[in-house]
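The values are calculated or read from the model by the stated rules, or taken from the named source; none is laboratory data. Small disclaimer: the values here were computed from a predicted structure and weren't measured. Note: ideal-geometry Cβ built from the backbone for every residue, glycine included; neighbour counts use all protein chains shown.
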């Protein structure tokens with residue numbers, strides 16, 4: 001199954017995006033941030049969920065990540081991060097999400113000398129989150145991680161209860177994927193775990209969230225590496241032009257993920 005990202009705040013601030021998803025029958029991966037949690041009422045969330053479900057669409061939820069540190073060594077920051085994530089999962093239940101996405105958030109600049117402590121705190125955070133997600137899978141996404149090693153450590157520590165979200169755009173720019181050319185190594189390292197993809201393009205210099213084929217990501221290499229593997233995916237265009245470019249790319253390459 002495929003999804004396309006849609007921040008919940010956009011539904012309130014730019015209603016045309018909701019219309020776009022409804023008219024094109026696009027399953028949304030809903031971005032649930034602090035604004036959507038703190039200023040949108042429970043009734044607002046129930047009403048929005050009903051709109052999607054009445055249209056026959058399946059929702060997924062991207063949990064908040066701004067300023068959150070799920071493996072923080074500071075007890076106050078760690079407590080706040082866990083509470084925010086748990087609040088988000090609780091709020092998200094009204095959308096009957098097919099899956100949850102969260103950022104792993106390993107930062108080598110901060111944690112390189114404290115990896116074991118970071119791992120212990122991170123594992124406990126995700127165990128608390130998993131206690132609330134019920135049957136919906138949780139996928140942990142890469143952002144600034146230079147290798148899949150910390151994903152592997154966390155996912156192994158969770159005993160198969162969570163999967164990996166490989167954000168190919170983040171790999172290409174933040175993990176120097178364009179320079180290193182190591183996409184197959186990432187796929188191999190994550191192969192023991194359930195896999196979800198975040199798909200958007202860039203030139204390797206910035207996280208531009210272009211449509212597929214508008215940047216320099218080696219998409220043919222990805223499709224080859226995924227051959228025979230069952231995955232789900234979310235497209236993450238940040239403009240209507242990028243959205244349409246992705247649709248055209250999938251059509252032109254006869255791709256159905």
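Taking the stretch 142-164 as the search range and keeping residues that are in contact with a strand residue (DSSP E or B) (Cβ under 7 Å, 6 or more places away or on another chain) and not in a helix (DSSP H, G or I), which one is surrounded by the fewest Cβ atoms within 10 Å (Cβ to Cβ)?
143
What number of residues in the stretch 98-111 are in a loop (DSSP other than H, G, I, E, B) and closer than 16 Å to residue 165 by Cβ?
5
Taking residue 208 as the residue in question, decide whether it is modelled with pLDDT of 95 or more, under 30 Å from residue 126 (Cβ atoms), under 19 Å from the mean Cα position of the chain (by Cα) and surrounded by fewer than 21 Cβ atoms within 10 Å (Cβ to Cβ).
Judged against the criteria, residue 208 is a match.
Could you give me the residue pairs with C-beta distances under 8 Å whose first residue belongs to the stretch 225-249 and is within 14 Å of residue 3 (Cα to Cα), whose second residue is in a helix (DSSP H, G or I) wherever it lies, and which are 6+ apart or on separate chains?
Listed by first residue and then by second, the contacts come to 235/243; 235/246; 236/169; 237/243; 237/245; 237/246; 243/20.
With respect to residue 128, is the statement that it is assigned to a loop (DSSP other than H, G, I, E, B) and surrounded by fewer than 17 Cβ atoms within 10 Å (Cβ to Cβ) true?
no
Go through (1) over 15 Å from residue 97 (Cβ atoms); (2) under 23 Å from the mean Cα position of the chain (by Cα) for residue 55 and report which single condition fails.
It fails just one condition, (2).
Only one of 111, 139, 106 is closer than 30 Å to residue 26 by Cα and buried (at least 16 other Cβ atoms within 10 Å of the Cβ). Can you tell me which?
139
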